[in-house]
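Here's the structure, in structure tokens; my notes come after.
The values are calculated or read from the model by the stated rules, or taken from the named source; none is laboratory data. In this text the structure is predicted, and so the values were computed from the model without any measurement. Note that each Cβ is placed from the backbone with ideal geometry, even for glycine, and that neighbours are counted across all protein chains shown. Heads up: the accessible areas ignore ligands, DNA and RNA and are worked out on the full protein's heavy atoms, side chains in. Shrake-Rupley method; radii C 1.70, N 1.55, O 1.52, S 1.80 Å.
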Amino acid sequence: MEVAIIGAGVIGLLSALTLTDSGHRVTIIARDLPGDESQDWASPWAGAAIFPHPDAKGHSLQVETFKYFWALAHRDPTSGVQVVKATEYYDDRTDDSTIWYKSLVPQYRRIPTEDLPDGVKVGFKFKTMTVNPAIFLPWIKKKLEARGVRFIRKGIKDIEEAKHITGCRVVVHAPGLGASELANDKDVVPVRGQTMFVETDFDELIMLQGSQYTYIIPRMYTGGAIIGGVSQEGNLDRGVDESLRSNILSRVRNLSKRRLESVDLEKCSTRNIVAFRPARKGGYRLETEGTVVHAYGFGSLGYTYGYGAALKVQELIESVSKGQGILRSRL
Ligand SMILES: Cc1cc2nc3c(=O)[nH]c(=O)nc-3n(C[C@H](O)[C@H](O)[C@H](O)COP(=O)(O)OP(=O)(O)OC[C@H]3O[C@@H](n4cnc5c(N)ncnc54)[C@H](O)[C@@H]3O)c2cc1C
Ligand SMILES: *[C@@H]1O[C@H](CO)[C@@H](O)[C@H](O)[C@H]1NC(C)=O
């Protein structure tokens, strides 16, 4: 079947991968494409950690994604995906009863309480992956082009316009924050993030969640890491909050037991990132509406949900395609 995908973020691109895997012909239409560095979309600016979340819905999507990226990191490092040692800390819980993925992530173990940094109540170590979006997005675009996927750069006003331009009746709607207009979805909200790229040879992932959101995410092929962060719902300020820079560095130093001491914001090469997570009240939307499959609202976990979401998109497209078959046979 001919399928159009609105959006060339991680969700649209991985959906193109699963759809071409199952024999569909795909056209992607998007305002921003891999390689673009604009703040109008989220995917280039993610850490990105593949990091299942104890409180987020859709466990099976996160499991499928974990397996996909694990295999990809081993199969093809030129994809920008690497396996890393990870440390996860919380200050809003005291045990691992919510950590549903402890039997998924390799080498999971609980950190003895006496080894936890100040203010942290519980912590775990395991292995996971980080994705360098600057490598991964162009990598997957090239793979898709080799499979005959067409890319059209265009901002659209509504879903009908995408059908008209591509000539496809069936559409995957994966426009991130664009869904507030294109699907008129009032629950879609931007959540501002601010991070920094810093040069460092520290090559482990550390994440603190709970009352604050602090992390170090090593970036493959860069000699550095992304440090962050903040989570500011509804804040649309595209500028850099300068005061956050030293605050973030201080937080990650504390968290890493001072293993980022050599990072100097004045002397080392650093780069600021301000971007907006495409979140949705109630969580992501993955469902069919007529001949449209909606796939948006993945918030701070778009990479972590990505491949699982794309498998679900493929399954939904199969059911739309069967429905189309019935429609045709009745005519
Ligand atoms: C600072 C930061 C750190 C993050 N870290 C992580 C992390 O460590 N792990 C993780 O899993 N996730 C992380 N995320 C979240 C992740 O980046 C997003 O969830 C993910 O990129 C969303 O992908 P998407 O494809 O839904 O949307 P986007 O990447 O925003 O792509 C949307 C696409 O739709 C197109 N589009 C939108 N409107 C229109 C229109 N009207 N017409 C045509 N095209 C349109 C855009 O041009 C773009 O191609 C982070 C996000 C931020 C901001
Ligand atoms: C880092 O730790 C020091 C010493 O415990 C503390 O004074 C400081 O406030 C911490 N920094 C941040 C940003 O929490």
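Residue pairs whose Cβ atoms lie under 9 Å apart, sitting 6 or more positions apart in sequence or on different chains, and linking a residue in region 188-203 that is without any contact (Cβ under 8 Å) to a residue 24 or more places away in the chain to a partner that is buried (at least 20 other Cβ atoms within 10 Å of the Cβ), are 201/224. Name the pairs: first residue in region 251-271 and under 16 Å from residue 91 (Cα atoms) and within 14 Å of ligand 2 (Cβ to nearest atom), second residue open to solvent by less than 50 Å² (accessible area, probe 1.4 Å) and among the aromatic types (Phe, Trp, Tyr), Cβ to Cβ under 9 Å, at least 6 apart or on different chains? Cβ pairs passing all conditions: 252/215; 255/89; 255/215; 256/202.
Test residue 244 against the criterion of being more than 10 Å from ligand 1 (Cβ to nearest atom) and either over 16 Å from residue 48 (Cα atoms) or not basic (Lys, Arg) (or both), and give yes or no. For residue 244, the condition - more than 10 Å from ligand 1 (Cβ to nearest atom) and either over 16 Å from residue 48 (Cα atoms) or not basic (Lys, Arg) (or both) - is met.
Residue by residue, here is whether (1) under 30 Å from residue 322 (Cα atoms); (2) not basic (Lys, Arg) holds:
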position	(1), (2)
172	yes, yes
179	yes, yes
192	no, no
212	no, yes
226	no, yes
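Selection over region 106-154 of residues that are of a type outside the set (D, E, K, R) and either within 16 Å of ligand 2 (Cβ to nearest atom) or more than 24 Å from the chain's Cα centre (by Cα) (or both) gives a count of 9. Inspection of region 19-35 identifies at least one residue that is within 22 Å of residue 181 (Cβ to Cβ) and either among the charged types (D, E, K, R) or touching an Asp or Glu at 6+ places or on another chain (Cβ under 7 Å) (or both). Checked across region 127-135, the condition of being assigned to a helix (DSSP H, G or I), closer than 21 Å to residue 216 by Cβ and of a type in the set (Val, Ile, Thr) holds for at least one residue. Restricted to region 259-272, and to residues there that are within 16 Å of ligand 1 (Cβ to nearest atom) and closer than 17 Å to residue 223 by Cβ, the residue that is surrounded by the fewest Cβ atoms within 10 Å (Cβ to Cβ) is 271. Mind listing whichever residues of region 116-126 are part of a loop (DSSP other than H, G, I, E, B), open to solvent by 30 Å² or more (accessible area, probe 1.4 Å) and touching a strand residue (DSSP E or B) at 6+ places or on another chain (Cβ under 9 Å)? Listed by number, the residues that qualify are 119, 121.
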